[in-house]
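The values are calculated or read from the model by the stated rules, or taken from the named source; none is laboratory data. Given the structure is predicted, the values throughout are model-derived calculations rather than measurements. Every residue, glycine among them, receives a Cβ derived from its backbone with ideal geometry; neighbour counts consider all protein chains shown.
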Ligand code: SAH
């Protein structure tokens, strides 16, 4: 009996995910692999069980420590800009709930993810493997990237940065893309920096978004 109830729940969640994917497709996301990843990942597992009904709405949600799991559309938009291919090495700054890392893993990337809040780092580092996702977790300051593991095919920053950190641009391969929301107020401009050669970058802007801030030089 219990198993049956659980199956029905899963069926219901699948339906809700399909609706969510339709919604973000209508909002302009075209990358099929991004949509497939969102359709597959059980976002309700990332929210406290008392908020299950919110899991498949296209909205951000609090995850504790004053941080949020990004809105699915925003996750999809940033991921689409990364132009992910299987086997790529991708650095994520701002692990948070781990949801974005799972989207990248579903798309076949090797993911390195950095978080500066110790209890979020600890929580996500034990939770993600429990649902079958295994990025490499790092506790530290994302402004510095991960020089030891560089260069990366692409880098995604999931918090609002007052400026583009030089260290992150340095850690891109030639041809690599950095996706970063830039702005020190409440609103940021989604920006891509593509490394055209060792000395040349191309910058493009993609409209406004709202993120929690990328915080510098403090540890919890
Ligand atoms: N990608 C996350 C979004 C989390 S919100 C998800 O899918 O849930 C942004 C995260 O960036 C927060 O967890 C915040 O603590 C983290 N963050 C902020 N400044 C940072 C920094 N300098 N280095 C690493 N992580 C940082």
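Quick look at the numbers
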| read-out | value |
| --- | --- |
| Residue list for the range 129-144, restricted to those being surrounded by 19 or more Cβ atoms within 10 Å (Cβ to Cβ) and in contact with a helix residue (DSSP H, G or I) (Cβ under 7 Å, 6 or more places away or on another chain) | 133, 135, 137, 143 |
| Residues within the range 56-81 that are surrounded by fewer than 24 Cβ atoms within 10 Å (Cβ to Cβ), closer than 24 Å to residue 189 by Cβ and either out of contact with any strand residue (DSSP E or B) (no Cβ under 7 Å at 6 or more places or on another chain) or modelled with pLDDT of 95 or more (or both), tallied | 10 |
| Odd one out for residue 178 among (1) buried (at least 16 other Cβ atoms within 10 Å of the Cβ); (2) within 12 Å of the ligand (Cβ to nearest atom) | (2) |
| Residue match in the range 41-54 (condition: in contact with a helix residue (DSSP H, G or I) (Cβ under 8 Å, 6 or more places away or on another chain) and farther than 25 Å from residue 112 by Cβ) | yes |
| Only one of 136, 219 that is modelled with pLDDT of 95 or more, more than 24 Å from residue 60 (Cβ to Cβ) and within 16 Å of the ligand (Cβ to nearest atom) | 136 |
| Residue in the range 65-88 that is over 24 Å from residue 206 (Cα atoms) and within 12 Å of the ligand (Cβ to nearest atom) present | yes |
| Odd one out for residue 21 among (1) within 19 Å of residue 135 (Cα to Cα); (2) crowded, with 20+ Cβ neighbours inside 10 Å; (3) more than 16 Å from the ligand (Cβ to nearest atom) | (1) |
